[in-house]
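Chemist: One structure, as C-alpha coordinates, below. Some questions next.
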Amino acid sequence: QKEVEQDPGPLSVPEGAIVSLNCTYSNSAFQYFMWYRQYSRKGPELLMYTYSSGNKEDGRFTAQVDKSSKYISLFIRDSQPSDSATYLCAAGGVTDKLIFGTGTRLQVFP
Amino acid sequence: DSGVTQTPKHLITATGQRVTLRCSPRSGDLSVYWYQQSLDQGLQFLIQYYNGEERAKGNILERFSAQQFPDLHSELNLSSLELGDSALYFCASSVGLGQRSTDTQYFGPGTRLTVL
(Lines give C-alpha, C1' and ligand atoms only; values in the text may rest on other atoms or scores of the structure.)
Protein backbone atom coordinates (compact mmCIF):
# COMPACT_ATOMS: atom_id res chain seq x y z
CA GLN A 1 0.00 0.00 0.00
CA LYS A 2 1.33 3.42 -0.93
CA GLU A 3 1.59 5.94 1.89
CA VAL A 4 -0.36 8.52 -0.08
CA GLU A 5 -3.02 7.39 -2.54
CA GLN A 6 -4.60 9.58 -5.18
CA ASP A 7 -6.99 8.84 -8.01
CA PRO A 8 -5.09 9.61 -11.25
CA GLY A 9 -8.19 10.76 -13.12
CA PRO A 10 -8.46 12.33 -15.58
CA LEU A 11 -11.21 14.51 -14.23
CA SER A 12 -13.03 16.59 -16.82
CA VAL A 13 -15.41 19.38 -15.73
CA PRO A 14 -17.07 22.39 -17.37
CA GLU A 15 -15.90 25.90 -16.61
CA GLY A 16 -17.50 27.26 -13.43
CA ALA A 17 -17.89 23.86 -11.78
CA ILE A 18 -16.77 23.06 -8.25
CA VAL A 19 -13.94 20.56 -8.35
CA SER A 20 -13.16 18.14 -5.55
CA LEU A 21 -9.77 16.43 -5.49
CA ASN A 22 -8.99 13.85 -2.85
CA CYS A 23 -6.21 11.82 -1.33
CA THR A 24 -5.94 9.28 1.43
CA TYR A 25 -2.88 8.52 3.48
CA SER A 26 -1.88 5.68 5.75
CA ASN A 27 0.77 7.09 8.08
CA SER A 28 -0.79 8.59 11.19
CA ALA A 29 2.50 10.40 11.92
CA PHE A 30 1.92 12.77 9.00
CA GLN A 31 1.36 16.27 10.34
CA TYR A 32 1.55 18.60 7.40
CA PHE A 33 -0.20 18.35 4.09
CA MET A 34 0.25 20.15 0.82
CA TRP A 35 -1.28 20.50 -2.59
CA TYR A 36 0.92 21.17 -5.58
CA ARG A 37 -0.18 22.10 -9.08
CA GLN A 38 1.85 20.93 -12.04
CA TYR A 39 1.30 22.22 -15.54
CA SER A 40 2.42 20.05 -18.41
CA ARG A 41 6.22 19.88 -18.72
CA LYS A 42 6.73 22.18 -15.73
CA GLY A 43 7.83 21.68 -12.15
CA PRO A 44 5.22 21.40 -9.38
CA GLU A 45 4.29 24.62 -7.60
CA LEU A 46 2.87 24.85 -4.09
CA LEU A 47 -0.82 25.75 -3.92
CA MET A 48 -1.85 25.10 -0.34
CA TYR A 49 -0.22 24.11 2.93
CA THR A 50 -2.14 22.77 5.92
CA TYR A 51 -0.78 21.77 9.29
CA SER A 52 -2.74 19.09 11.16
CA SER A 53 -6.52 18.95 10.74
CA GLY A 54 -8.84 21.67 9.56
CA ASN A 55 -9.62 23.89 6.62
CA LYS A 56 -7.63 26.52 4.84
CA GLU A 57 -8.98 28.86 2.22
CA ASP A 58 -7.10 30.89 -0.37
CA GLY A 59 -9.22 32.58 -3.00
CA ARG A 60 -11.02 29.93 -5.02
CA PHE A 61 -9.08 27.12 -3.34
CA THR A 62 -9.94 25.35 -0.07
CA ALA A 63 -7.86 22.59 1.46
CA GLN A 64 -9.31 20.23 4.05
CA VAL A 65 -7.59 17.68 6.22
CA ASP A 66 -9.43 15.08 8.29
CA LYS A 67 -6.82 13.27 10.33
CA SER A 68 -9.37 10.93 11.89
CA SER A 69 -10.14 9.42 8.50
CA LYS A 70 -6.74 10.20 6.97
CA TYR A 71 -8.38 12.11 4.15
CA ILE A 72 -7.08 15.18 2.30
CA SER A 73 -9.21 17.28 -0.03
CA LEU A 74 -8.77 20.24 -2.32
CA PHE A 75 -11.81 22.15 -3.55
CA ILE A 76 -11.67 24.55 -6.47
CA ARG A 77 -14.63 26.91 -6.84
CA ASP A 78 -15.60 28.55 -10.12
CA SER A 79 -13.08 26.43 -11.99
CA GLN A 80 -11.35 28.01 -14.98
CA PRO A 81 -9.67 26.51 -18.06
CA SER A 82 -6.40 27.84 -16.62
CA ASP A 83 -6.88 25.43 -13.70
CA SER A 84 -6.29 22.53 -16.09
CA ALA A 85 -3.23 20.79 -14.69
CA THR A 86 -2.17 17.85 -12.59
CA TYR A 87 -2.76 18.26 -8.87
CA LEU A 88 -0.46 16.45 -6.48
CA CYS A 89 -1.18 15.98 -2.81
CA ALA A 90 1.72 15.50 -0.44
CA ALA A 91 2.13 14.68 3.23
CA GLY A 92 5.00 14.77 5.68
CA GLY A 93 5.77 13.99 9.27
CA VAL A 94 8.62 14.31 11.71
CA THR A 95 11.12 13.30 9.06
CA ASP A 96 11.88 15.76 6.34
CA LYS A 97 10.77 13.95 3.25
CA LEU A 98 7.45 14.65 1.62
CA ILE A 99 5.45 11.73 0.26
CA PHE A 100 3.57 12.62 -2.90
CA GLY A 101 0.49 11.11 -4.43
CA THR A 102 0.67 10.17 -8.09
CA GLY A 103 -1.40 13.22 -9.07
CA THR A 104 -4.88 13.80 -10.51
CA ARG A 105 -5.11 15.25 -13.98
CA LEU A 106 -7.82 17.93 -14.20
CA GLN A 107 -9.25 19.28 -17.43
CA VAL A 108 -11.62 22.28 -17.28
CA PHE A 109 -13.33 22.86 -20.61
CA PRO A 110 -14.94 26.16 -21.66
CA ASP B 1 9.80 31.13 -12.33
CA SER B 2 10.65 29.44 -9.01
CA GLY B 3 14.25 30.61 -8.93
CA VAL B 4 15.54 27.02 -9.03
CA THR B 5 17.54 26.23 -12.15
CA GLN B 6 18.29 22.83 -13.60
CA THR B 7 20.53 21.82 -16.46
CA PRO B 8 20.29 20.30 -18.93
CA LYS B 9 16.61 20.48 -19.89
CA HIS B 10 16.80 17.32 -21.95
CA LEU B 11 19.26 14.46 -21.99
CA ILE B 12 19.26 11.52 -24.34
CA THR B 13 21.73 8.74 -23.71
CA ALA B 14 22.23 5.01 -24.08
CA THR B 15 21.92 2.16 -21.61
CA GLY B 16 25.01 1.62 -19.51
CA GLN B 17 26.07 5.25 -19.68
CA ARG B 18 26.54 7.77 -16.88
CA VAL B 19 25.05 11.25 -16.69
CA THR B 20 25.17 14.20 -14.31
CA LEU B 21 22.23 16.48 -13.62
CA ARG B 22 22.84 19.87 -12.10
CA CYS B 23 20.70 22.03 -9.85
CA SER B 24 21.14 25.53 -8.50
CA PRO B 25 18.82 26.35 -5.59
CA ARG B 26 17.08 29.64 -4.98
CA SER B 27 19.27 32.29 -3.46
CA GLY B 28 19.41 31.75 0.31
CA ASP B 29 18.01 28.22 0.26
CA LEU B 30 20.14 25.67 2.09
CA SER B 31 18.19 22.49 1.30
CA VAL B 32 18.19 20.74 -2.04
CA TYR B 33 15.94 17.80 -2.84
CA TRP B 34 15.97 15.45 -5.81
CA TYR B 35 12.86 13.73 -7.14
CA GLN B 36 12.17 11.31 -9.96
CA GLN B 37 8.84 11.51 -11.79
CA SER B 38 7.69 8.75 -14.07
CA LEU B 39 4.23 8.09 -15.47
CA ASP B 40 3.52 5.00 -13.40
CA GLN B 41 5.26 5.94 -10.15
CA GLY B 42 4.46 9.60 -9.74
CA LEU B 43 6.87 11.90 -7.92
CA GLN B 44 9.37 9.87 -5.92
CA PHE B 45 11.69 11.45 -3.38
CA LEU B 46 15.30 10.45 -3.93
CA ILE B 47 17.51 12.40 -1.56
CA GLN B 48 17.86 15.67 0.37
CA TYR B 49 20.95 17.70 1.22
CA TYR B 50 21.07 20.49 3.76
CA ASN B 51 24.02 22.86 3.73
CA GLY B 52 26.29 20.27 2.17
CA GLU B 53 25.27 17.32 4.30
CA GLU B 54 22.98 14.45 3.36
CA ARG B 55 19.79 14.93 5.35
CA ALA B 56 17.28 12.36 4.18
CA LYS B 57 17.23 9.47 1.77
CA GLY B 58 14.33 8.04 -0.15
CA ASN B 59 14.09 5.37 -2.81
CA ILE B 60 17.44 6.16 -4.40
CA LEU B 61 19.14 3.34 -6.25
CA GLU B 62 22.74 2.46 -5.47
CA ARG B 63 23.59 3.39 -9.07
CA PHE B 64 22.55 6.94 -8.26
CA SER B 65 24.47 9.37 -6.09
CA ALA B 66 24.27 13.03 -5.28
CA GLN B 67 26.23 15.75 -3.58
CA GLN B 68 25.84 19.36 -2.57
CA PHE B 69 28.81 21.65 -3.03
CA PRO B 70 30.00 24.56 -0.84
CA ASP B 71 28.22 27.03 -3.13
CA LEU B 72 25.06 24.98 -2.44
CA HIS B 73 24.49 23.78 -5.97
CA SER B 74 23.87 20.08 -6.26
CA GLU B 75 24.54 17.33 -8.75
CA LEU B 76 22.76 14.04 -9.23
CA ASN B 77 24.86 11.33 -10.84
CA LEU B 78 23.13 8.43 -12.55
CA SER B 79 25.29 5.53 -13.69
CA SER B 80 24.85 2.19 -15.47
CA LEU B 81 21.68 3.64 -16.91
CA GLU B 82 18.76 1.37 -17.72
CA LEU B 83 15.70 1.94 -19.87
CA GLY B 84 13.60 2.24 -16.73
CA ASP B 85 15.60 5.26 -15.59
CA SER B 86 13.93 7.34 -18.27
CA ALA B 87 11.95 9.96 -16.35
CA LEU B 88 11.72 13.59 -15.36
CA TYR B 89 14.17 14.49 -12.62
CA PHE B 90 13.23 17.47 -10.48
CA CYS B 91 15.28 19.42 -8.06
CA ALA B 92 13.61 21.46 -5.34
CA SER B 93 15.02 23.80 -2.72
CA SER B 94 13.90 25.28 0.58
CA VAL B 95 15.35 27.64 3.12
CA GLY B 96 15.47 25.12 5.94
CA LEU B 97 14.50 21.54 6.40
CA GLY B 98 11.13 21.83 4.66
CA GLN B 99 8.75 21.07 7.51
CA ARG B 100 7.22 24.45 8.26
CA SER B 101 4.65 26.38 6.28
CA THR B 102 7.20 29.12 5.69
CA ASP B 103 9.76 26.65 4.49
CA THR B 104 8.15 25.15 1.43
CA GLN B 105 9.91 23.42 -1.41
CA TYR B 106 10.26 25.26 -4.69
CA PHE B 107 10.71 23.07 -7.73
CA GLY B 108 12.89 23.61 -10.75
CA PRO B 109 11.72 22.99 -14.32
CA GLY B 110 13.17 19.48 -14.39
CA THR B 111 15.53 17.49 -16.59
CA ARG B 112 13.95 15.01 -18.97
CA LEU B 113 16.16 11.95 -19.26
CA THR B 114 15.64 9.49 -22.07
CA VAL B 115 17.64 6.27 -22.03
CA LEU B 116 17.66 4.42 -25.35
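Chemist: What's the magnitude of the charge dipole for region A:53-104 around its Cα centre, counting Lys and Arg as +1 and Asp and Glu as -1 at the beta-carbon? Answer in Debye, nearest 20.
Modeler: It comes to approximately 160 debye.
Chemist: Which longest run of chain B has no exposed loop site in it, a site being trypsin sites (Lys or Arg not before Pro) in a DSSP loop with at most 14 other beta carbons within 10 Å, and the site itself not part of the run?
Modeler: The segment B:19-62 is the longest one with no such site.
Chemist: Counting only other chains, what is the mean number of Cβ atoms within 10 angstrom of the Cβ of each residue in peptide A:98-106?
Modeler: Across A:98-106, the average partner-chain Cβ count within 10 Å equals 4.
Chemist: When only DSSP loop residues count, what GluC sites (Glu not before Pro) in region B:12-68 have their Cβ near at most 14 other Cβ atoms within 10 Å?
Modeler: In loop regions of region B:12-68 (DSSP not H, G, I, E or B), the sparsely surrounded GluC sites (Glu not before Pro) are B:E62.
Chemist: Compute the signed sum of charges (Lys and Arg +1, Asp and Glu -1) over the other residues within less than 15 Å, Cβ to Cβ, of B:S79.
Modeler: -2
Chemist: Residues of B:109-115, mean number of Cβ from any other protein chain within 10 Å of their own Cβ, rounded to a whole number?
Modeler: Mean shielding by partner chains, rounded to a whole number: 1.
Chemist: Rounded to the nearest 20 Debye, what is the dipole magnitude of the protein assembly as shown about its Cα centre when Lys and Arg each give +1 and Asp and Glu each give -1 at the C-beta?
Modeler: Once rounded to the nearest 20, the dipole reads 120 debye.
Chemist: To continue, here is another question. Could you list, in their original order, any pairs among A:K42/A:K97; A:K56/B:K9; A:K2/A:K42 whose Cα atoms are separated by more than 29 Å?
Modeler: A:K56/B:K9
Chemist: Chains A and B: buried accessible surface, both sides, probe 1.4 Å, rounded to 100 Å²? If you can, show how the numbers build up before the last one.
Modeler: Details: alone 6020 and 6440 Å², together 10800 Å².
Heavy-atom accessible area buried at this interface is about 1700 Å².
Chemist: With the alpha-carbon atoms as the only input, what is the per residue convex hull volume for the protein assembly as shown in Å³? If you can, show how the numbers build up before the last one.
Modeler: On the way: hull volume 27.1 nm³, N = 226.
So the per-residue Cα hull volume is 120 Å³.
Chemist: How many angstrom lie between the Cα centre of region B:48-77 and the Cα centre of region A:43-110?
Modeler: Here the answer is 27 Å between Cα centres.
Chemist: Give the accessible surface of chain A per residue, rounded to a whole number of Å², with probe radius 1.4 Å and ligands, DNA and RNA excluded. Let's see the in-between values first.
Modeler: On the way: 5170 Å² over 110 residues.
Using a 1.4 Å probe on heavy atoms only, each residue of chain A averages 47 Å².
Chemist: Once amide H atoms are built 1.01 Å from N in the peptide plane, which residues 5 or more positions from A:T102, or in another chain, come under 5 Å H to H?
Modeler: A:Q6
Chemist: Can I ask one more? Where the only charges are on Cβ atoms (+1 Lys, Arg; -1 Asp, Glu), what is the dipole of region B:1-84 about its Cα centre, to the nearest 20 debye?
Modeler: 100
Chemist: With 5 Å bins from zero, work out the P(r) of chain B over every alpha carbon pair and list the percent per bin.
Modeler: 2, 13, 24, 26, 19, 10, 4, 1, 0
Chemist: Then there's this: Say R0 is 45 Å: what FRET efficiency, to the nearest 0.05, do B:R63 and A:S28 get from their beta-carbon distance? All intermediate terms of the calculation are to be shown ahead of the outcome.
Modeler: On the way: r = 34 Å, r/R0 = 0.75.
Calculated transfer efficiency: 0.85.
Chemist: Express the accessible area of chain B per residue in Å², computed with a 1.4 Å probe while the remaining protein chains stay in the model.
Modeler: Accessible area per residue: 49 Å².
Chemist: Could you identify which residue out of A:S20, A:S40, A:S53 has the top mean-square fluctuation in a GNM of chain A using Cα springs shorter than 10 Å?
Modeler: A:S40
Chemist: Quick one: among B:A87, B:A14, B:A66, which has the greatest mean-square fluctuation in a GNM of chain B with alpha-carbon springs under 10 angstrom?
Modeler: B:A14
Chemist: Further question on the same structure: What is the local net charge at A:S53, summed over the other residues whose Cβ is closer than 11 Å to its Cβ (Lys, Arg +1; Asp, Glu -1)?
Modeler: +2
Chemist: Can you give the FRET efficiency to the nearest 0.05 for B:S79 and A:K2, using r as the Cβ-Cβ distance and R₀ = 25 Å?
Modeler: Details: r = 28 Å, r/R0 = 1.10.
It comes to 0.35.
Chemist: Computing the accessible area with a 1.4 Å probe over protein heavy atoms, can you report the carbon and sulfur percentage for region A:1-83?
Modeler: 46
Chemist: Return the long-range amide H neighbours of A:E3 (sequence gap of 5 or more, or a different chain), with a cut-off of under 5 Å between placed amide H atoms.
Modeler: none
Chemist: Local charge sum around A:I72 (other residues, Cβ-Cβ under 13 Å, Lys/Arg +1, Asp/Glu -1)?
Modeler: With Lys, Arg at +1 and Asp, Glu at -1, the net is -1.
Chemist: I need the phi-derived Karplus couplings for region B:109-115: 6.51 cos²θ - 1.76 cosθ + 1.60, θ = phi - 60°, integer Hz, Gly and Pro marked x.
Modeler: So the J values, rounded to whole Hz, are x, x, 10, 8, 9, 10, 10.
Chemist: I would also like to ask the following. Looking at region A:26-86, which chymotrypsin sites (Phe, Trp or Tyr not before Pro) are DSSP coil and have at most 13 other C-beta atoms within 10 Å of their C-beta?
Modeler: Sparse-neighbourhood loop chymotrypsin sites (Phe, Trp or Tyr not before Pro): A:Y39.
The values are calculated or read from the model by the stated rules, or taken from the named source; none is laboratory data. Every value quoted in this text rests on a predicted model; they were computed, and no experiment measured them. Counting neighbours? That spans all protein chains shown, and the Cβs are built from the backbone with ideal geometry, glycine included. Heavy atoms of the whole protein, side chains included, go into the accessibility calculation; ligands, DNA and RNA do not. Shrake-Rupley method; radii C 1.70, N 1.55, O 1.52, S 1.80 Å.
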